[in-house]
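Novice: The structure is given below, and queries will be raised subsequently.
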Amino acid sequence: MMTKLPPVFFERPDVVQVARELIGKILLTRFDGIVTSGRIVETEAYNGVVDRASHAYKGRRTARTETMYSAGGVAYVYLCYGIHHLFNVVTNIKDVPHAVLIRGIEPVEGVEQMLDRMRKLKLDHTVGRGPGNVSRALGISTEHTGNSLQEEISIWDDGFVLKPSDIIASPRIGIDYAGEDATLPYRFYQKGNRHVSGKGNK
DNA sequence: CAGCTGATCAACT
DNA sequence: GTTGATCAGCTGC
C-alpha cells in the first residue's frame, strides 16, 4: 500500500522533525511517463532565517532562494559548485523558508533508467549516494524548482517502518562556515545503509 | 586509503 | 574576483 504524503505533512512547523520522518519514505519522479524512485536514507534540515547554514539566513531573499519562501510541499532545487543540482523539500508555511535536503536514496524502481542517467552499467552503492547523485539518478534539475510534490515529483509512504535506533542524528556535512550552527544535529540517516554519504555510517 | 583537483555558476565582497 | 548544502578521478603512500 502506497500513500502520497499530502501538503499538510510538509506544512508542519518543525523542519527537524520532518527531516527525521522522511527517512524511509519513497521519493519518486515521473518524467515523460518514466518512473524512477528510491527510499530516502539520508536528509538534512535547514532551519530558515536563524540558521547560518541556510541560504535564507537572516531572511536573505534572491531569485534563487525565492521558492524556499513558498508554503511547504514544493521542490527547491538549486545549482551547487556549478554542476550539482541539489534537491530540497520546502516545509512550513508560506514566508517561513525552511527546507529539507535529500542527501541519499536507495534505488527502488526504474533502476535501468537511473543507471543510464548516472552513466553506469551496474547498480552499486554510489547510485543515489550524496545530494548531487540523488538528483542525477532521479532526473531532477533546477528547472523543477518550485514544482509541487503532488505531481511529477512526489513522496510516498509504503508502510516501511524503521526502528528508532536505526535512525541516527549527526551534524550536517560541508557547512563548516556556519559557526556554531555547524554542530547542530540536523542530519539524519539510516544506520548502516550503503547509500548514505560519508564514511562510518554504522 | 587519504589528499588534492577540476568542473563551472549564482551570489556576494 | 572568491566561495560554496559536491563528486569523481587521480596521485602517492
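Novice: Show that you can apply the helix-only estimate: for chain A, add -39,500 (n - 2.57) for every DSSP H stretch of four or more residues, divide by all residues, and state [θ] at 222 nm to the nearest 500. Working shown, then result.
Specialist: Values: 4 runs with 28 residues, N = 202.
My calculation for chain A gives -3500 deg cm²/dmol from helical runs alone.
Novice: Ignoring ligands, DNA and RNA, please state the percent of accessible area on chain A from carbon and sulfur, probe 1.4 Å.
Specialist: Details: 5160 of 9670 Å².
That share works out to 53 percent.
Novice: Give the accessible surface of the stretch A:117-202 per residue, rounded to a whole number of Å², with probe radius 1.4 Å and ligands, DNA and RNA excluded. Working shown, then result.
Specialist: Details: 4730 Å² over 86 residues.
Per residue, the stretch A:117-202 has an accessible area of 55 Å².
Novice: Also: Using alpha-carbon pairs under 8 Å, 6+ residues apart, how would you state the relative contact order of chain A in percent?
Specialist: Values: 494 pairs, mean separation 55.6, N = 202.
Taking the mean separation of contacting Cα pairs over the length of chain A, I get 28 percent.
Novice: Cβ under 14 Å from A:A71's Cβ, A:A71 left aside: what net charge do those residues give with Lys, Arg +1 and Asp, Glu -1? Walk me through the numbers on the way to the answer.
Specialist: Numbers: positive: A:R12, A:K94; negative: A:E11, A:E66, A:D95.
Around A:A71, the charge tally is -1.
Novice: Hey, what did the stretch A:1-68 get for relative contact order, percent, Cα under 8 Å, at least 6 apart? Write down the numbers at each step before the final one.
Specialist: Values: 62 pairs, mean separation 13.9, N = 68.
For the stretch A:1-68, the relative contact order is 20 percent.
Novice: With a cut-off of at most 15 other beta carbons within 10 Å, and DSSP calling the residue loop, which trypsin sites (Lys or Arg not before Pro) in the stretch A:35-65 qualify? Please list them.
Specialist: Values: sites: A:R39, A:R52, A:K58, A:R60, A:R61, A:R64; in loops: A:R52, A:R60, A:R61, A:R64.
For trypsin sites (Lys or Arg not before Pro) across the stretch A:35-65 that sit outside H, G, I, E and B with at most 15 neighbouring Cβ atoms in 10 Å, the list reads A:R52, A:R60, A:R61, A:R64.
Novice: Taking 2.2 N^0.38 Å as the expected size of a compact globular protein, what ratio does the Cα radius of gyration of the stretch A:45-202 give against it, to two decimals?
Specialist: Details: Rg = 15.7 Å, N = 158, 2.2 N^0.38 = 15.1 Å.
Here the answer is 1.04, to two decimals.
Novice: When a/c is below 1.5 the answer is rounded, else prolate if a/b is larger than b/c, else oblate, so apply that to the stretch A:143-202 with a ≥ b ≥ c taken from the square roots of the Cα gyration tensor eigenvalues. List each step's numbers first, then the result.
Specialist: Working: a/c = 2.29, a/b = 1.21, b/c = 1.88.
Cα axes put the stretch A:143-202 in the oblate bin.
Novice: So for the pair A:R60, A:Q17, with labels modelled 7 Å out along Cα→Cβ, what separation do we get in nm?
Specialist: Those two pseudo-labels are separated by 2.9 nm.
Novice: Okay, moving on. Quick one: compute the contact order of the stretch A:121-202, relative version, from alpha carbon pairs under 8 angstrom and 6+ residues apart, as a percent. Provide the component values of the computation, followed by the final result.
Specialist: Values: 67 pairs, mean separation 22.2, N = 82.
Value for the stretch A:121-202: 27 percent.
The values are calculated or read from the model by the stated rules, or taken from the named source; none is laboratory data. Only a predicted model underlies this, so the values are computations on that prediction, with no experimental measurement involved. Positions of Cβ are generated from backbone atoms using ideal geometry, with glycine treated the same way; all protein chains shown enter the neighbour counts. Side chains are part of the model used for accessible areas, which takes the heavy atoms of the whole protein and leaves out ligands, DNA and RNA. Shrake-Rupley method; radii C 1.70, N 1.55, O 1.52, S 1.80 Å.
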